[in-house]
Amino acid sequence: DSPASQSALLSAMVELAQQEGWSSLHVLFLSNEEVKATEAAGWLSRHTVQFHWHNDSYTDFEHFLGAMNQEKRKKIKQERRKVSEAGVTFKAFEGAQIQSTDWDFFYKCYSQTYFEHGNAPYLSREFFQGMQDHMAQNWVLFIAEKDGQRIACSLIGLANQVAYGRYWGALERVDCLHFEACYYQPIEWCIRQGVVRFEGGAQGEHKMARALLPVKANSAHWLAHPGFADAVERYLEKEGHGVAAYLENLEARSPLKAK
């Protein structure tokens, strides 16, 4: 989009918010160019850190491991071996291959994860039914089996050759199963399919040991109340300095071999 069209869109959004009496507007995951447009329009910018895996034209998982430093490569092999030696196997179900019984099992695991932390699931079974009915092509489900029984699963979203997030849950505890289900199975699948990036989301520096590297995530915010906007702006300035230092520290600890 041109700067003029971006400016017009932002102005229209603010005008609508004022007409409707909304207290705020928020736009997430902006490019650097889009950040310039929102800042020029007077919106507040926030920068946080996410962790993404990038496909450097890997031919298979071993090729990917070859890009890691020796310590991290050895650790990943050990973790995968523990899952394999526990008798756990995985199968990937893509798009329309995910049947209602598979979604039912996924939701059981998904709910279990929240209940274990004392929370109710954010998304309903009906939401995922809608995904099966209308957006099946945007999902891949990894199901783990042990002794002929399904024990765990993870789910990733897909769009434009990028994989996103992952929901996961397990009905049985197996050492390192979380890493296998949430990172190694999706990464291996992404390599096979030529997916260019796996966005693992925010939080968890443990992701770096699995080659999900830190990247800056941008968002923009318009607040109706001037005093509140001023207070938030001062906070974001302080937070921004901390995020920049945090990102610099993380980048110095890359698990990849120096090129």
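Which members of the stretch 25-46 meet the condition of being under 23 Å from the mean Cα position of the chain (by Cα), more than 25 Å from residue 249 (Cβ to Cβ) and open to solvent by less than 90 Å² (accessible area, probe 1.4 Å)? I'd like the intermediate steps shown before the answer.
Here is the first cut: in the stretch 25-46, the ones under 23 Å from the mean Cα position of the chain (by Cα) are 25-35, 45-46.
Now drop any that are not more than 25 Å from residue 249 (Cβ to Cβ), which leaves 25-27, 33-34.
Correct list: 25, 27, 34.
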Within the stretch 183-197, is even one residue without any contact (Cβ under 8 Å) to a residue 12 or more places away in the chain, more than 20 Å from the chain's Cα centre (by Cα) and surrounded by fewer than 21 Cβ atoms within 10 Å (Cβ to Cβ)?
no
Hey, any hits in the stretch 104-122 for a residue that's touching a residue at least 60 places away in the same chain (Cβ under 8 Å) and of a type outside the set (D, E, K, R)?
yes
Say whether the condition of being under 22 Å from residue 232 (Cα atoms) and open to solvent by 30 Å² or more (accessible area, probe 1.4 Å) is met by at least one residue in the stretch 47-58.
yes
Could you check the stretch 84-93 and list, in sequence order, the residues that are part of a strand (DSSP E or B) and either touching a Leu at 6+ places or on another chain (Cβ under 8 Å) or open to solvent by 50 Å² or more (accessible area, probe 1.4 Å) (or both)?
88, 89, 91, 92, 93
Yes or no: residue 202 touching a residue at least 24 places away in the same chain (Cβ under 8 Å), among the hydrophobic types (A, V, I, L, M, F, W, C), under 22 Å from residue 48 (Cα atoms) and open to solvent by 20 Å² or more (accessible area, probe 1.4 Å)?
yes
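Pick from the stretch 94-103 the residues that are outside any strand (DSSP E or B) and in contact (Cβ under 8 Å) with a residue 40 or more places away in the chain: which of them is surrounded by the fewest Cβ atoms within 10 Å (Cβ to Cβ)?
Step one: of the stretch 94-103, the residues outside any strand (DSSP E or B) are 95-103.
Those left that are additionally in contact (Cβ under 8 Å) with a residue 40 or more places away in the chain: 95-96, 98, 102.
Details: 95: 14, 96: 10, 98: 21, 102: 18.
Among residues in the stretch 94-103 that are outside any strand (DSSP E or B) and in contact (Cβ under 8 Å) with a residue 40 or more places away in the chain, the one surrounded by the fewest Cβ atoms within 10 Å (Cβ to Cβ) is 96.
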With the first residue restricted to the stretch 63-91 and required to be on the phi > 0 side of the Ramachandran plot, and the second required to be surrounded by fewer than 16 Cβ atoms within 10 Å (Cβ to Cβ) and charged (D, E, K, R), Cβ contacts under 7 Å at 6 or more apart or on different chains are 87/147
Read through the list (1) in a helix (DSSP H, G or I); (2) open to solvent by less than 20 Å² (accessible area, probe 1.4 Å); (3) among the aliphatic types (A, V, I, L, M), then give the number of the only condition that residue 131 fails.
(2)
What helices (runs of 4 or more DSSP H), lying completely within the stretch 1-83, carry at least 3 residues that are farther than 30 Å from residue 257 by Cβ and among the aliphatic types (A, V, I, L, M)?
3-20, 32-40
So which residues in the stretch 205-231 are farther than 19 Å from residue 68 by Cβ and surrounded by fewer than 14 Cβ atoms within 10 Å (Cβ to Cβ)?
216, 225, 226, 227, 228, 230, 231
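Given the residues 81, 73, which is the only one that is buried (at least 16 other Cβ atoms within 10 Å of the Cβ) and out of contact with any His (no Cβ under 8 Å at 6 or more places or on another chain)? First the steps, then the outcome.
On the way: 81 fails: buried (at least 16 other Cβ atoms within 10 Å of the Cβ).
Going through 81, 73 in turn, just one is buried (at least 16 other Cβ atoms within 10 Å of the Cβ) and out of contact with any His (no Cβ under 8 Å at 6 or more places or on another chain): 73.
The values are calculated or read from the model by the stated rules, or taken from the named source; none is laboratory data. Keep in mind that this is a model prediction, so the values were computed, not measured. Backbone-built Cβ (ideal geometry, glycine too); neighbour counts: all protein chains shown. Note: accessible area is taken over every heavy atom of the protein model, side chains too, but ligands, DNA and RNA are not part of it. Shrake-Rupley method; radii C 1.70, N 1.55, O 1.52, S 1.80 Å.
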